[in-house]
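**Student:** Right, I'll just put the structure down here and ask away after.
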Amino acid sequence: MVRRLSIAGAQLGPIGRGEPRSRVVPRLIALMREAKGRGAELVVFPELALTTFFPRWHITDAEELDSYYESEMPSAATLPLFEEARRLGIAFHLGYAERVIEDGRERRFNSAILVDASGAIIAKYRKIHLPGHAEPDPARRFQHLEKRYFEPGNLGFKTWDALGGVLGILICNDRRWPEAFRVLGLQGVELVLIGYNTPAVNGQIFEPPHLRAFHNHLTMQAGAYQNGTWVVGVAKAGHEGGVDMMGGSAIISPNGEIMAQSASLEDELILAVCDLDAGAYIKQNIFNFAAHRRPEHYRLIVETVGALKGPGAGG
């Protein structure tokens, strides 16, 4: 039996600072309807899809800061998206800022959920690799205060049996770390969903935009190939809050090939029919972990490097 899943990547153009959910959610619904009309069974929205990328500002007003977070999901503002998914019979992935009370205290995460075609949340991931800095830095062209506004995710790298395959979720900077992909790969992942908000320029040093775009795809293509998995990376794009966001949303096969890619910096849908068995040969041969991987030697390598470079070099 062939396991095919038709997937749409729903890239979003800019969202303004303070732009209400009442203007954003209809854009998501429009893309969801288009995805369903083109035969998609799953639509993937970006990281922080409901708001502007607020970590680019040092926000001192507590009310404004709180306005970017969701304290429940679905909320009154996002319920129409869930209801439309149920009506259409389509699953979706959504990134958002989460504010919850856990362990007797307020906690804030950069989160993503997977919602099935009945409108039920079946998976949640919280971003682990937070980039940027915690304190305002006047030397930067723009801020990247994720470490100020979020704490590292506490749900681990998990996979779920869903939509006919084995699914995992990463968020933005997670895609740059081989360990993130590998932990999912060790669980037999067949499809990794990734939302991101990545500037087209570097706020600290000069870095050619084409090189940043190349690295964006390189990390996802390598993660796909080295773990025999489909990867769907979906961006927030365009000129947002004075910063150019790169876009470049892509659906990547287990062979590392880009099968669909966005062509604009606006709201745009890309689509691919993904054979979830396409990574089987890679998993069983080239990257057969059980047959070829040698984790018993990795600690020795780390200890050797640590001995050569001194305390703290290993880890």
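**Student:** In what sequence do 206, 109 fall when counting other Cβ within 10 Å, fewest first?
**Tutor:** Ranked by crowding around the Cβ, least crowded first: 206, 109.
**Student:** What three numbers, in Å, describe the spread of the alpha carbons of region 93-135 along their principal axes, ordered from the longest?
**Tutor:** For region 93-135, the Cα spread along each principal axis is 41, 26, 12 Å.
**Student:** How many nm is it between the label spots at residue 140 and residue 22, if each spot is 7 Å from the Cα in line with the beta carbon?
**Tutor:** 3.3
**Student:** Taking a temperature of 20 °C and a viscosity of 1.002 mPa s, what whole-number D in µm²/s does Stokes-Einstein yield for region 40-103 with Rh from Kirkwood over alpha carbon pairs?
**Tutor:** Diffusion coefficient, whole number: 160 µm²/s.
**Student:** While we're looking at this one, here's another question. If we count other beta carbons within 10 Å of each Cβ, what is the order of 177, 57, fewest first?
**Tutor:** The most exposed by this proxy come first: 177, 57.
**Student:** Right, something else. Using only the Cα atoms of region 175-315, build the gyration tensor, take square roots of its eigenvalues as a ≥ b ≥ c, and label the shape rounded, prolate or oblate: rounded if a/c is under 1.5, else prolate if a/b is larger than b/c, else oblate. Numbers along the way, then the final one.
**Tutor:** Details: a/c = 3.15, a/b = 1.27, b/c = 2.48.
Since a/c reaches 1.5 but b/c is at least a/b, the shape of region 175-315 is classed as oblate.
**Student:** Taking the radius of gyration and the Kirkwood hydrodynamic radius from Cα positions alone, what is the Rg/Rh ratio for region 157-244, to two decimal places? Display every interim value, and only then the final one.
**Tutor:** Values: Rg = 14.2 Å, Rh = 13.8 Å.
Radius of gyration over Kirkwood radius for region 157-244 works out to 1.03.
**Student:** Can you put 103, 244 in order, fewest other beta carbons within 10 Å first?
**Tutor:** Listed from fewest to most nearby Cβ atoms, that is 103, 244.
**Student:** Same structure again: Quick check on region 91-216: take the gyration tensor over C-alpha atoms, sort the square-rooted eigenvalues as a ≥ b ≥ c, and tell me if it's rounded (a/c under 1.5), prolate or oblate. Kindly include the intermediate steps, with their values, before the conclusion.
**Tutor:** On the way: a/c = 2.17, a/b = 1.39, b/c = 1.56.
Oblate, because a/c is 1.5 or more while a/b does not exceed b/c.
**Student:** Another question, if that's okay. Can you give me the convex hull volume of the Cα atoms of region 1-142, divided per residue and expressed in Å³?
**Tutor:** 151
**Student:** What's the center-to-center distance, using Cα atoms, between region 31-53 and region 206-222 in Å?
**Tutor:** Taking the Cα centre of region 206-222 as reference, the centre of region 31-53 is 23 Å away.
**Student:** Under a 10 Å cutoff between Cα atoms, tell me which one of 202, 216, 255 has the largest fluctuation in the Gaussian network model of the chain.
**Tutor:** 202
**Student:** Oh, and also: Could you point to the residue in 68, 197, 51 farthest towards the positive end of the chain's charge dipole, with +1 and -1 charges on the Cβ of Lys/Arg and Asp/Glu respectively?
**Tutor:** Sorting the options by dipole projection puts first 197.
No lab work stands behind these numbers, since they all come straight from the coordinates. No experiment lies behind these values; they were computed from the predicted model shown. No Cβ is skipped: glycine too gets one built from the backbone with ideal geometry, and neighbour counts run over all protein chains shown.
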